[in-house]
Amino acid sequence: MTSTRSAYRSHWGLNPDVTFLNHGSFGASPRVVLEAQRRLQDELESDPIRWLAPERDLEKKLDPVRERLSDFLGCRFEDLAFVRNATDGVNAVLRSFPFEADDEILVTSHGYNACTNAARFVAGRAGARVTVADIPFPCSGPDAAVEAIEAAFTSKTRLLLVDYVTSPTALILPLARIIEAAHARGIRVLVDAAHAAGMVKVELDALGADYTTGNLHKWLCGPKVAGYLHVRPEHQAEVRPTVISHAANTPRPARSRFLAEFDWTGTFDPTPLLAVPVALDFLENVIHGGGIEAVYAANRALALEGRRILTSRLGLVAPAPEEMLGSIVTLPLPDGPPPEIGRTDTLGQRLFETHRIEVPIVHWPAPGKRWFRISAMLYNDATEYERLGDALESELTLATR
Ligand SMILES: Cc1ncc(COP(=O)(O)O)c(C=O)c1O
């Protein structure tokens with residue numbers, strides 16, 4: 001096969017022997033971002049107290065990042081806290097919420113397992129219940145998602161936990177309509193936006209969710225680990241970090257307890273957060289004259305091309321309309337054996353070990369019902385989806401022999 005490697009590939013240090021079609025799981029940072037982070041680490045280690053103590057330079061260093069990010073995410077500086085990752089943000093909100101016995105937390109059947117687990121844990125402690133809105137998949141369109149969620153609201157639903165972009169099924173959900181429907185019933189909404197920043201334009205204030213958390217190390221290409229938590233002002237007194245530290249009884253001058261508590265949850269490495277502006281600069285400028293919008297569009301176009309290649313190659317029916325897709329796409333596979341506990345799916349193992357292709361095999365909604373999810377980032381190119389098509393064709397033929 002002729003190699004038409006992406007012209008952007010050299011910006012990343014990815015292993016040249018691996019076809020990397022899984023940006024969605026943990027992201028991958030461009031070299032320039034990691035170099036900036038390493039410089040920041042060197043500077044920090046040259047003067048750790050000055051860098052890390054909140055009363056010395058930490059807040060002065062975090063605040064310009066918050067300024068830039070709040071502008072980028074369309075929200076107020078005061079409402080944006082930093083967390084380690086989306087799991088941390090979801091846990092902070094759920095564990096702070098004053099659930100009572102018989103309350104219901106509504107999640108969706110497309111939710112991320114770790115976050116649904118957090119909802120179950122919190123519900124269990126309060127004598128509350130987790131209920132599930134079963135969004136059909138294959139999904140005919142945004143209406144199907146709104147209808148499934150509306151049908152699952154009850155008079156006991158206190159909080160809806162819903163994804164911006166679903167992890168197993170790669171659907172961009174119609175959040176504005178979902179949030180409006182929840183608020184009309186007095187239900188608060190926590191948005192798990194793990195995949196959103198850097199994949200689609202995010203406007204947090206306009207969206208109107210009560211709480212939104214997301215990762216900066218996935219599609220925004222920041223270093224691992226970096227996340228944010230946006231909380232509407234009326235809920236900030238209630239929302240506490242997953243780790244309680246000094247600011248619980250030691251106010252910081254001219255700073256809300258909300259920001260002070262999230263800024264310091266014990267000794268941590270702030271350099272991933274401090275390098276986020278470099279990631280933003282990279283994405284704004286990497287496509288000459290296009291800004292970050294051109295990155296969203298290029299990645300989405302490539303994901304859709306990958307989908308076209310794989311559906312026609314393997315005779316698959318695409319399970320979602322284009323309007324619900326960004327830069328990840330989930331496609332069906334024949335049913336197969338569930339992975340052994342603690343192991344990758346055997347097909348996933350073979351794709352990596354035999355074909356050097358990194359792509360997640362997703363068992364959803366139950367073990368044995370298999371899908372695969374492709375990602376598209378600037379460093380990918382169409383030939384990589386062809387290669388995945390070849391590999392799947394040969395593995396699936398082998399499996400049926
Ligand atoms: C929807 C969703 N929520 C949460 C997460 C968890 O992200 P993290 O492990 O960075 O907290 C992911 C990760 O892929 C995700 O897809």
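The values are calculated or read from the model by the stated rules, or taken from the named source; none is laboratory data. As the structure is a prediction and not an experimental result, all values here were calculated from the model. Methodologically, a virtual Cβ is constructed for each residue, glycine included, from the backbone with ideal geometry; neighbour enumeration extends over all protein chains shown. Accessible surface is based on the protein model in full, side chains and every heavy atom, while ligands, DNA and RNA are left aside. Shrake-Rupley method; radii C 1.70, N 1.55, O 1.52, S 1.80 Å.
Accessible surface area normalised per residue over the stretch 36-276 is 39 Å², counting heavy atoms of protein chains with a 1.4 Å rolling probe.
Got a number for the accessible area of residue 296? Probe 1.4 Å, square angstrom, nearest 10. Spelled out: residue 296, probe radius 1.4 Å, area about 30 Å².
Summing Cβ point charges (Lys, Arg +1; Asp, Glu -1) relative to the Cα centre of the stretch 80-182 gives a dipole of roughly 400 debye.
May I ask for the distance between the Cα centers of the stretch 207-277 and the stretch 298-376, given as a whole number of Å? Between the Cα centre of the stretch 207-277 and that of the stretch 298-376, the gap is 33 Å. Sorting 397, 213 by solvent-accessible area of protein heavy atoms yields 397, 213, largest first, with a 1.4 Å probe.
I want to make sure I understand the PRE zone here: with the label point 7 angstrom from the Cα of residue 246 toward its beta carbon, which residues in the stretch 34-71 have backbone N atoms less than 18 Å away? The answer is 44-45, 47-63, whose backbone nitrogens lie closer than 18 Å to the label point. Ranked by the mean number of other Cβ atoms within 10 Å per residue, highest first, peptides 55-61, 91-97 order as 91-97, 55-61. By the rule of a C-alpha distance below 16 Å, with chain neighbours fewer than 8 residues away ignored, the aspartates and glutamates paired with residue 60 are 43, 47, 78, 261, 263, 269. When you count the other C-beta atoms within 10 angstrom of each residue and take the mean per peptide, 359-368, 265-274 line up highest first as 265-274, 359-368. Sorting 149-159, 336-346 by average packing, meaning the other beta carbons within 10 Å per residue, from highest down gives 149-159, 336-346. Compared with the direct C-alpha span, the chain from residue 121 to residue 183 gains 19.9 nm at full extension, assuming 0.36 nm per residue.
Assuming charge only on the beta carbon of Lys and Arg (+1) and of Asp and Glu (-1), the dipole of the stretch 91-245 about its Cα centre is about 500 debye to the nearest 20.
For the residues 29, 312, 256, a 1.4 Å probe over the protein chains yields an accessible-area ranking, largest first, of 312, 256, 29.
Computed from the C-beta positions of residue 134 and residue 47, the FRET efficiency with R₀ = 41 Å rounds to 0.15. For the chain, the Stokes-Einstein estimate of translational diffusion at 10 °C and a viscosity of 1.306 mPa s comes to 72 µm²/s, using the Kirkwood hydrodynamic radius over alpha-carbon pairs.
Listed by number, the DSSP H helices of the chain that run 18 Å or longer by alpha-carbon position along their axis and have mean Kyte hydropathy of at least 0.0 are 113-126, 291-314.
Within the accessible surface of the stretch 36-276, defined with a 1.4 Å probe on protein heavy atoms only, the carbon and sulfur portion equals 49 percent. Excluding same-chain residues fewer than 8 positions from residue 201, which lysines have a Cα within less than 27 Å of its Cα? Within the straight-line limit of under 27 Å, residue 201 reaches these lysines: 61, 218, 224.
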